[in-house]
Amino acid sequence: MRPILYSHPFSSYCQKVLTALYENGTEFDTRMLGPEDPSAYEELCSVWPVKRFPMLMDGDKPVFEATIIIEYLQVHYPGPVRLVPDAPDAALEVRMLDRFFDNYISTPQQKVVFNALRPEDRRDPYGVQEARDMLDAAYGWLDRHMADREWAAGGGFSLADCAAAPALFYADWTHGIGAHFGNLRAYRNRLLARPSFARAVDEARPYRPFFPLGAPDRD
Ligand SMILES: N[C@@H](CCC(=O)N[C@@H](CS)C(=O)NCC(=O)O)C(=O)O
């Protein structure tokens, strides 16, 4: 039996899980969430009224939240790459950085994008400025953190890098990572060159015209 991923290629949190799946060559089926087949979205909503994706369905067991999906895959569909290390302290570092990317890069990045999708008279400039300030603070910390390392956590490529890859990909489109953040920009480039994430980025290329802020002509 193969797990089913309810997913859309242009979604950052779906790309996070796809990167993990591609790292390990895990076999899975996709229920594509798009206008072509509304039944997939209806299925998602019937199981998960929060209506956020990705969602993994393993038999009749739904698994929500990209991080937990990746942890679940490692437990139930292990592959050669241990995205969460077995050693407890190393695992804590990976999970701490995973939280950093979701909470302080992806969340403010989404805030700016979702704001642009609102009707003009319902926008939230104060909230957007707070989100941009958060991104500046997170970029500064991460640039220093990446000064002496290849991947986000101390060991090899991990869950934290699966979170970082789409987060930084879209964050740079949303709130440019300045040239003075050389370590951070180099890390983003390493993530883009990683075959698992490069594949997810390629699969999402046709959807770039839908990026609400306008996708730059690069990456
Ligand atoms: N905390 C969730 C966040 C998932 C999320 O925000 N997904 C976005 C797509 S990247 C979504 O469902 N957007 C649909 C919406 O906002 O209605 C996770 O880690 O999986």
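The values are calculated or read from the model by the stated rules, or taken from the named source; none is laboratory data. All values reported here derive from a predicted model rather than from experimental measurement. We place every Cβ from the backbone using ideal geometry, glycine too, and count neighbours over all the protein chains shown.
Tabulated data
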read-out: Residue match in the stretch 149-165 (condition: more than 14 Å from Leu97 (Cα to Cα) and of a type in the set (Gly, Ala, Ser)); value: no
read-out: Number of the condition not met by Ala20 [criteria: (1) in contact (Cβ under 8 Å) with a residue 60 or more places away in the chain; (2) hydrophobic (A, V, I, L, M, F, W, C); (3) under 20 Å from Pro206 (Cβ atoms)]; value: (3)
read-out: Among (1) surrounded by 17 or more Cβ atoms within 10 Å (Cβ to Cβ); (2) modelled with pLDDT under 95; (3) not basic (Lys, Arg) - the single one Val112 does not satisfy; value: (2)
read-out: Sole residue being among the basic types (Lys, Arg) and crowded, with 16+ Cβ neighbours inside 10 Å, chosen from Lys51, Lys16, Lys61; value: Lys16
read-out: Filter result for Trp173 (among the aromatic types (Phe, Trp, Tyr) and assigned to a loop (DSSP other than H, G, I, E, B)); value: no
read-out: Residue match in the stretch 147-157 (condition: within 24 Å of Leu191 (Cα to Cα), surrounded by 14 or more Cβ atoms within 10 Å (Cβ to Cβ), of a type in the set (A, V, I, L, M) and modelled with pLDDT of 95 or more); value: yes
read-out: Selection count where residues are hydrophobic (A, V, I, L, M, F, W, C) and within 12 Å of the ligand (Cβ to nearest atom), scope the stretch 106-129; value: 3
read-out: Residue in the stretch 28-45 that is buried (at least 19 other Cβ atoms within 10 Å of the Cβ), in contact with a Pro (Cβ under 7 Å, 6 or more places away or on another chain) and under 24 Å from Arg205 (Cβ atoms) present; value: no
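Yes/no matrix, rows are residues, columns are (1) closer than 28 Å to Ala171 by Cα; (2) among the hydrophobic types (A, V, I, L, M, F, W, C); (3) buried (at least 22 other Cβ atoms within 10 Å of the Cβ):
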{"position": "Arg2", "(1), (2), (3)": "no, no, no"}
{"position": "Leu21", "(1), (2), (3)": "yes, yes, yes"}
{"position": "Asn24", "(1), (2), (3)": "yes, no, no"}
{"position": "Glu93", "(1), (2), (3)": "yes, no, no"}
